[in-house]
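For reference, the structure discussed in these notes is given below.
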Amino acid sequence: LLDACPDLPVPLLASVDGLVVLGPSLIIAEADDPNLSQSLATWLTTPKIAIMLLLSSVSFAGIHLVSLMFLRSASATSLQVVNNMASVLLALLGALLFKDQIF
């Protein structure tokens with residue numbers, strides 16, 4: 001869709017992606033936890049967990065939108081390289097911040 005319809009807005013593309021993966025995600029989650037609705041209610045009423053879920057969702061949506069914008073001007077391979085470099089940097093920063101003995 002990115003090549004075929006360059007005029008489509010990125011938020012619309014992200015919404016379509018979200019709707020496409022929503023069904024399989026719910027099926028997998030329900031298979032993993034038969035009491036999913038009860039667990040979700042517990043998570044959302046626990047402030048610390050609710051805040052982390054919110055922050056995780058916002059960061060995932062941001063990464064998704066930036067990735068779609070990146071793909072408008074570069075290849076999927078380039079996106080994978082950039083994502084892998086970011087993951088290595090994040091792991092190194094985490095090790096330095098928490099003083100892990102990895103070296």
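The values are calculated or read from the model by the stated rules, or taken from the named source; none is laboratory data. This one's a predicted model, so the numbers in the text were calculated from it and none came from an experiment. We place every Cβ from the backbone using ideal geometry, glycine too, and count neighbours over all the protein chains shown. Heads up: the accessible areas ignore ligands, DNA and RNA and are worked out on the full protein's heavy atoms, side chains in. Shrake-Rupley method; radii C 1.70, N 1.55, O 1.52, S 1.80 Å.
Roughly how big is the chain's charge dipole about its Cα centre, with Cβ charges of +1 (Lys, Arg) and -1 (Asp, Glu), in debye to the nearest 20? Don't jump to the answer; show the numbers that get you there.
Numbers: 3 positive and 7 negative charges, 73 e Å.
That gives the chain a dipole magnitude of about 340 debye.
Can you tell which of 59, 28, 18 lies farthest toward the positive end of the dipole of the chain, using +1 and -1 charges on the Cβ of basic and acidic side chains (Lys, Arg; Asp, Glu)? Most positive-ward Cα: 59. State which helices in the chain qualify, where a helix is a whole DSSP H run, it must extend 24 Å or more along its own axis by its Cα atoms, and its mean Kyte-Doolittle hydropathy must be at least -1.0. Answer set is 10-32, 47-71, 76-97.
Who wins for biggest fluctuation among 31, 76, 50 in a Gaussian network model of the chain, springs between alpha carbons below 10 Å? Answer for the Gaussian network model of the chain: 31. Taken over the range 63-103, the convex hull of the Cα atoms encloses 66 Å³ per residue.
Heavy-atom accessible area for residue 98, with the other protein chains in place and a 1.4 Å probe, reaches approximately 150 Å².
So if each residue of separation counts as 0.36 nm, and I subtract the Cα-Cα distance between residue 60 and residue 22, what length gain in nm does that give?
Details: separation 38, 0.36 × 38 = 13.68 nm, distance 1.42 nm.
Between residue 60 and residue 22, full extension yields an extra 12.3 nm.
Distance between the modelled labels on residue 96 and residue 12, one decimal in nanometres: 4.3 nm (7 Å Cα→Cβ projection).
Largest first, the three principal axis extents of the alpha carbons in the chain are 43, 42, 23 Å in whole numbers.
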